[in-house]
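As structure tokens, the structure follows; a few thoughts come after it.
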Amino acid sequence: MIPIHDDNPTSIRPLVTIALIVACTLVFLWQVTLPAQQAQIAVYAFGMIPAVLFGDAELPPRLAKIPATLSLITSMFLHGGWLHLIGNMLYLWIFGNNIEDSMGHGRFIVFYLLCGIAAALTQAVQDPASVVPMIGASGAIGGVLGGYILLFPRARILVLVPLGILFFTMRRPALVVLGIWFALQFLLSTMSTGAPGGVATWAHVGGFVAGLILIGPFRDRRFPLLGGPRRGGARGSRPRGGGNLRGPWG
């Protein structure tokens, strides 16, 4: 199932969500303008490499452009291809605006970065000796999905469902759509070691769990958990729906 839209309006303009999408897009456009070798160097220089992060390996001086701990953040803004970027930005656009609405601009950027850091650390701990860089925003976006499923489990999500060469759409509750997404990530993670298919599924799991944990303290208290009735006055009163490079890619 590919989410297309949610029936869950917001009461503020999602400036941080838009800024994150613009930033990731601009960084990727910078990546694709680089010669192939320089693009690969950028991934190693700014991606998160577990063995380097934990001090068990060192990058050559020409690649060591930032402290290893900073790669926990810079890796979120790199992507491995157009499909990788577009898929991540689609999820961020659909679900990020509501999470930003629930906590405000400032807290949302902190929430997003913390979820991304938790996601990268989860992936790194699973394979601490790996020298393969992890890049991508989906660990942080996994945190957004974890927050969304707790705040708006009954929000209706329009999804595109492929059936062979045919496609059809249907609406399902966020609890179903995002629950299936998380179950799939967890299943893929536990069925294999490392990153199956070049995808950092443990980062997705770690980000999602971080979102579940952090949404409570970060949300505005007028946004109840589990899709409960909204308390009045929370930044408006509009009704809300139900409440190509080697991976791993996050």
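Just so it is clear, none of the values below were taken in a lab; they were calculated from the coordinates. None of the values given here were measured: they were computed from a predicted structure. Virtual Cβ from ideal backbone geometry, glycine too; neighbours counted across all protein chains shown.
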**Item:** Fewest-first ranking of CYS24, CYS115, using other Cβ atoms within 10 Å as the exposure measure
**Value:** CYS24, CYS115
**Prompt:** GLY216: net charge of surrounding residues, Cβ under 14 Å, Lys/Arg +1, Asp/Glu -1, itself excluded?
**Reply:** +3
**Message:** Within a 10 angstrom radius of the beta carbon, how do LEU29, LEU59 rank from fewest other beta carbons to most?
**Reply:** LEU29, LEU59
**Prompt:** The list (1) 21; (2) 33; (3) 17 gives values of percent of Cα pairs over 32 Å apart, and only one came from this structure; which label was calculated from it?
**Reply:** (1)
**Message:** Loop-only trypsin sites (Lys or Arg not before Pro) in the stretch 45-124, please: DSSP not H, G, I, E or B, and at most 10 other Cβ atoms within 10 Å.
**Reply:** ARG62
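For each of THR33, THR10, count neighbouring Cβ atoms within 10 Å of the residue's Cβ, then give the residues from fewest to most. Before the final figure, lay out the partial values.
On the way: THR33 9, THR10 17.
By the 10 Å Cβ count, ascending: THR33, THR10.
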